[in-house]
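Below is one structure; the comments refer to it alone.
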2 protein chains.
Amino acid sequence: MYWLKEQMGSVGITCEAVATGIQEMLNGESIDLPPVILAQLGASPNKKTLLVYGYVDVEPADKKDDWKTEPFKLAEKDGQLYGRGVADNKATVMLWISAIEMLQKHNIDIPLNIKFCFEGMAHCGSLGVEWVLRKRSELWLQDVDFVCITDGQWLGNRKPCLSYGARGVCQFRIEVTTEGRDLHSGVHGGAVYEPMADLCWILDHLTDVTGKITIPGIDKLISPPNEKEQELFESLDFDIEEYQKSIGASELTGTSKVQLLTRIWRCPSLSIHGMEGGHSDGSCKRVIPSKAFANLSVHIVPNMTPDRVNNLIVNYLNMFWPKRRSPNSIKIYPQHCVYPWITKYSLPHFEAANRAIRHVYGVDADFTRQSRPIPAALILQHLTGGSVIVMPLNSRDDAPEVVNEKLQLRTYINGIKTIIAYLFELTSV
Amino acid sequence: MYWLKEQMGSVGITCEAVATGIQEMLNGESIDLPPVILAQLGASPNKKTLLVYGYVDVEPADKKDDWKTEPFKLAEKDGQLYGRGVADNKATVMLWISAIEMLQKHNIDIPLNIKFCFEGMAHCGSLGVEWVLRKRSELWLQDVDFVCITDGQWLGNRKPCLSYGARGVCQFRIEVTTEGRDLHSGVHGGAVYEPMADLCWILDHLTDVTGKITIPGIDKLISPPNEKEQELFESLDFDIEEYQKSIGASELTGTSKVQLLTRIWRCPSLSIHGMEGGHSDGSCKRVIPSKAFANLSVHIVPNMTPDRVNNLIVNYLNMFWPKRRSPNSIKIYPQHCVYPWITKYSLPHFEAANRAIRHVYGVDADFTRQSRPIPAALILQHLTGGSVIVMPLNSRDDAPEVVNEKLQLRTYINGIKTIIAYLFELTSV
């Protein structure tokens, strides 16, 4: 986080790095969580106060995973910036610093008090952040009128978005174990009930081919379809073919715009990230692993809550497992969770942000949801009582993905303009 | 292999290390395969010739996989030897050297010419060994009367075994891929067809809960049950409860002795060793892998052949896959294969070996099959035209397993005695 403190210092913002606690690891060791950077620019009683939230932690990256450039070294080529974090979300944090630098350079008074909360655990459920902010909520957060989260992406490449919702997530680890040890598949194959096969069976009974969760009761947790929102979805600048092409999928689970957006914004989804046997290092080993694990995520939507989803899934597995008639044991470990978030896009805050966008892009913003979790949105909505907006500054072509993460240089420059316009538009709310 | 040459040299056996060729690796590199050690002790035209086959390659071992001792350092404790290879199969090779040393120490003439073939690729299908031996078959193997393979295990702890069969194996890698790249499960979960879920589905359609292969046509390849052999199985010294306890299983797929032995000796079995998503390193990554792999083995029995099994499985997957209605692609890569082996336990060679066992243990041997592949058995049966026997010298309590491999010191000493008795009994065949 030190580079961030330095960058902020260069535009005269003094930062405080607040410890967020320690985390016990699976291997028994404890590590310090990264601190939260809190900072303040201006404290005029005549100005409204905006809280800017961002994060600088990134997904892991390894050159050998088909990266064309060094993932942790910023590279520029043909008007594109490449590197881990350029789209998700380091560059977006830097945008705020660049915007303030620009105003200072032109001796323009910043029309709001701005508070900053930048963290480093967003990809792991913003662990510790809520704790820090909750302790500060009476003193530091009480005067916050607006919260702006510059995270997420536009739907396409033509129209910017303002987002009023985000899915949450419940992560799980499922484990199937024998009572015995790893066995040689040659010697014992055929005599024993194998955990890997059991695990495949149970995972195959959680979703259909399209990834729709088939666990009974899940559907009842989802808020019912809303006609007005469906009309909104229909009106959005979202090209399903362009989307399909951008991710390289040969087929999607929905064939219409509304159908697909409903799936990724208003429906839960279940993804299996990986499975491990006892020893899966790709060698000649022909073992029957005595333990088999799967890591999976369920992305959740209003009105699902992590508690309800965890209970439903744990109960379902415990009830369904005996149908397998395997002597092996199944265990499910709920892991980190994020609540889904939703607000109203008819609020004045959204109108002001839309005016800012119109200044820069000459078009109205689309009001959208985000399919991926933004843990800070709900936390900050609760703690400040202010109006939260998610203002994605990246277009669809900017790729906050697993490898070769990239951001268009044009996106960065328009992002600075949007932030400055937004600051001024907020003064009239 | 140098320690082995040294050990053999210490009892006056001159070794030849014959190169077996190079192997192209998945990453494009080529590596030299380990040489085959060929050696000869005695060439008297008045003596019969025995070919002894053994191997000194071992399964990988890592201290962190719950080994209580350093896996590559021999440790002795409470009458047990611990270390990778003590049961499978380094110690068994050393037994031959110890037996010869013993005869030399007592100035006893060795009653046979002995040829040795010790290799280092047995766990990977004895790659290159067949090629070397085939080149030598007219000169070096033509005078071989008997082949002895001291590999495998007894059924229990009370009665030694002589084995007349071994299962083969066909290994596979199954791959499900999208056309696109890895995707963030938050952003895209619900919109795309996920390879990991597809892979679980297909794997769940290959076996039933007991591991019985459900691919149509497999059963027809298996040689029909043989009443006389079933009676033999019934007579064997095999305690199903003791076996179950020794592997720590809470339940077995067969409840009677004959049922269970039939499953591990006369039936094919399918084991999934591991599955990988694009990136399964246990971090916070919430990726939808664009590729999902599984490594699996099918152990095969007479009259199955690798060709027939490979064809059957590849055709089945290609025919069955469209039922999934997933746009993702499936590929199956047959990998290394070993033929099953079978001979007649009524041959004089088996009678001689049985007499040797009676000398040492005071009981008759059980005639058994081995559930795991012994690639050299069929190769040497073909190339020498001699009579092949598999003479396991390890009891059930000696554990050629994945971790904490061990051998009883008593097993080692009785092994030396058995070999010496066997050499003398063979002179009367």
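The values are calculated or read from the model by the stated rules, or taken from the named source; none is laboratory data. Please read all numbers here as calculations on a predicted model, not as lab measurements. Cβ atoms come from the backbone with ideal geometry, glycine included; neighbour counts cover every protein chain shown.
Find the residue count for the range B:400-420, including only residues that are among the aliphatic types (A, V, I, L, M) and closer than 18 Å to residue B:163 by Cβ.
Residues in the range B:400-420 being among the aliphatic types (A, V, I, L, M) and closer than 18 Å to residue B:163 by Cβ: 1 in total.
Show the residue pairs meeting these rules: Cβ distance below 6 Å; 6+ apart or different chains; first residue within the range A:391-403 and within 12 Å of another protein chain (Cβ to nearest Cβ); second residue part of a strand (DSSP E or B) and at pLDDT below 85.
A:392/A:153; A:394/A:153
It is to be established whether one or more residues within the range B:217-234 are under 30 Å from residue A:296 (Cα atoms) and either surrounded by 14 or more Cβ atoms within 10 Å (Cβ to Cβ) or among the acidic types (Asp, Glu) (or both).
No, the conditions are met nowhere in the range B:217-234.
Which of the residues belonging to the range A:285-312 are free of Cβ contacts under 8 Å to residues at least 40 places away in the same chain and under 30 Å from residue B:170 (Cβ atoms)?
A:285
Could you please give the count of residues in the range A:329-380 that are within 24 Å of the chain's Cα centre (by Cα) and of a type in the set (Asp, Glu)?
Qualifying residue count for the region: 1.
Considering the range A:59-94 alone, what residues qualify as being assigned to a loop (DSSP other than H, G, I, E, B), among the aliphatic types (A, V, I, L, M) and surrounded by fewer than 21 Cβ atoms within 10 Å (Cβ to Cβ)?
A:61, A:74
Give the residues of the range A:392-409 that are of a type in the set (A, V, I, L, M), buried (at least 24 other Cβ atoms within 10 Å of the Cβ) and at pLDDT 80 or above, sorted by residue number.
Passing the criteria: A:393, A:407.
Kindly establish whether residue B:147 is more than 9 Å from every other protein chain (Cβ to nearest Cβ), at pLDDT 95 or above, touching a helix residue (DSSP H, G or I) at 6+ places or on another chain (Cβ under 6 Å) and farther than 30 Å from residue B:349 by Cβ.
The answer is no for residue B:147.
How many residues does the range A:178-209 hold that are within 25 Å of the chain's Cα centre (by Cα), touching a residue at least 12 places away in the same chain (Cβ under 8 Å) and at the interface with chain B (Cβ under 7 Å from one of its Cβ atoms)?
Counting residues in the range A:178-209 that are within 25 Å of the chain's Cα centre (by Cα), touching a residue at least 12 places away in the same chain (Cβ under 8 Å) and at the interface with chain B (Cβ under 7 Å from one of its Cβ atoms) gives 2.
What number of residues in the range B:283-304 are surrounded by 16 or more Cβ atoms within 10 Å (Cβ to Cβ), in contact with a helix residue (DSSP H, G or I) (Cβ under 8 Å, 6 or more places away or on another chain) and over 28 Å from residue A:297 (Cβ atoms)?
Summing the residues that are surrounded by 16 or more Cβ atoms within 10 Å (Cβ to Cβ), in contact with a helix residue (DSSP H, G or I) (Cβ under 8 Å, 6 or more places away or on another chain) and over 28 Å from residue A:297 (Cβ atoms) in the range B:283-304 gives 6.
Pull up the range B:247-257, narrow it to residues that are surrounded by fewer than 17 Cβ atoms within 10 Å (Cβ to Cβ) and more than 7 Å from chain A (Cβ to nearest Cβ), then point me to the one that is farthest from residue B:211 (Cα to Cα).
Ranking the candidates gives B:256 first.
Could you say whether any residue in the range A:324-332 is closer than 20 Å to residue A:217 by Cα and touching a residue at least 60 places away in the same chain (Cβ under 8 Å)?
yes
Of the conditions (1) without any contact (Cβ under 8 Å) to a residue 60 or more places away in the chain; (2) assigned to a helix (DSSP H, G or I), residue B:232 satisfies every one except a single condition; which number is it?
(1)
Restricting to the range A:14-42, name every residue that is crowded, with 19+ Cβ neighbours inside 10 Å and in a loop (DSSP other than H, G, I, E, B).
Within the range A:14-42, A:20, A:33, A:34, A:35 meet the criteria.
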